[in-house]
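For reference, the structure is listed below as C-alpha cells.
What follows draws every value from the coordinates through simple rules; no lab data is involved. Please read these numbers as outputs of a predicted model, since none were measured by experiment. Glycine gets a Cβ as well: all are built from the backbone with ideal geometry, and neighbour counts include every protein chain shown.
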Amino acid sequence: MTSDGDIIRTADICDDHGDDVLVCEIPFNDYAKRNHFHGQVVTFSTFEDNKTVRDVMAQGGQGKVLVVDGQGSRRRALCGGNIAAEAHSHGWEGLVYNGCIRDQHEFTDLDFGVKAIGTTPMRPRVDGIAKVGVPLYFGGIVINDGDYLYADADGVIVAPRKLHD
C-alpha cells in the first residue's frame, strides 16, 4: 500500500482489503483544510438536533472520527464553525456528517477533515434526542461505533478494524 506521508488512500485500502471494506455511497463535500483523514469511529445519531455533540467532542478525539447521522436533513445544520473549532481543539481527526453544516467560511483554516452533504444557514434544534455509540445506517452501509474509517477525495470507507500499519 502506498501513502503520501500521513495520507492513507482509500483506493489503496480497497485494493489491499476489498472484502473487509464497506464503501459509503454518499458523495460528501469537504469543508476544512484536509480532505483526507482516518480514525476509529464514534457514532452519533440525531435528527436536526446537536444538543449533546459538544459533550461527546469534549471527551477527546485523538485517533478518532466522529460520524454523525443527521438522516440526510438539509433543513438544519448540525455543526457550525464554533463546534468544528472545538472538535479540532479536542484532537479529533475528522468529522463526517450525513447532514449539513453552516458557517462554512469558518472551517477553511481548521487543519483536520470535515465532510458533510451540504450547507444550510438554519441552526439546529436542541431537543436532546441524540444517541451515541449506536449503529448508523446510511450511504448503503452500516457504520458501527468502534469501526475504523478512512476518508479522502475519493470517498469514505469503513472497516471493522484498522487496516494500515
* Can you sort D16, D147 by how many other beta carbons sit within 10 Å, fewest first? -> D16, D147
* Structure fact -> With a ≥ b ≥ c from the Cα gyration tensor eigenvalues, square-rooted, and the rule rounded for a/c under 1.5, otherwise prolate when a/b > b/c and oblate otherwise, the chain is prolate
* Let me have the relative contact order for region 3-114, percent, based on Cα pairs under 8 Å that are six or more residues apart. => 31 percent
* To do: Compute the normalised compactness of region 1-98: alpha-carbon radius of gyration over 2.2 N^0.38 Å, N being the residue count.
  => 1.14
* Asked: For region 92-156, what class follows from the C-alpha gyration tensor (a ≥ b ≥ c being the square roots of its eigenvalues): rounded when a/c is under 1.5, otherwise prolate if a/b is larger than b/c, else oblate?
  -> oblate
* Asked: At what distance in nm do the modelled label points of M122 and T52 sit from each other, each positioned 7 Å from its Cα along Cα→Cβ?
  -> 2.4 nm
* To do: Could you pull out every residue, at least 5 positions away or on a different chain, whose amide H is within less than 5 Å of the one on I101? Hs are placed 1.01 Å off N in the peptide plane, and Pro or chain starts have none.
  => L78, G118, T119, T120
* **Sorted peptide list for 100-112, 64-76, criterion being average Cβ within 10 angstrom, highest first** => 64-76, 100-112
* Within region 23-165, how many lysine pairs that are 8 or more places apart, or on different chains, have C-alpha atoms less than 24 Å apart? -> 11
* Does region 61-104 come out rounded, prolate or oblate by the C-alpha gyration tensor, with a ≥ b ≥ c the root eigenvalues, rounded set by a/c under 1.5 and, if not, prolate when a/b is larger than b/c and oblate if not? -> oblate
* Structure fact -> If each K or R counts +1 and each D or E counts -1, the residues other than N82 whose Cβ falls under 10 Å of its Cβ total -2
* Asked: Expressed as a whole number of Å, what is the distance separating the alpha-carbon centroids of region 7-78 and region 87-165?
  -> 3 Å
* Structure fact -> Ordered by fewest other Cβ atoms within 10 Å, a rough proxy for footprinting exposure, I129, I143 read I129, I143
* Under 5 Å, built H, 5+ apart or other chain: amide partners of D49 -> R125
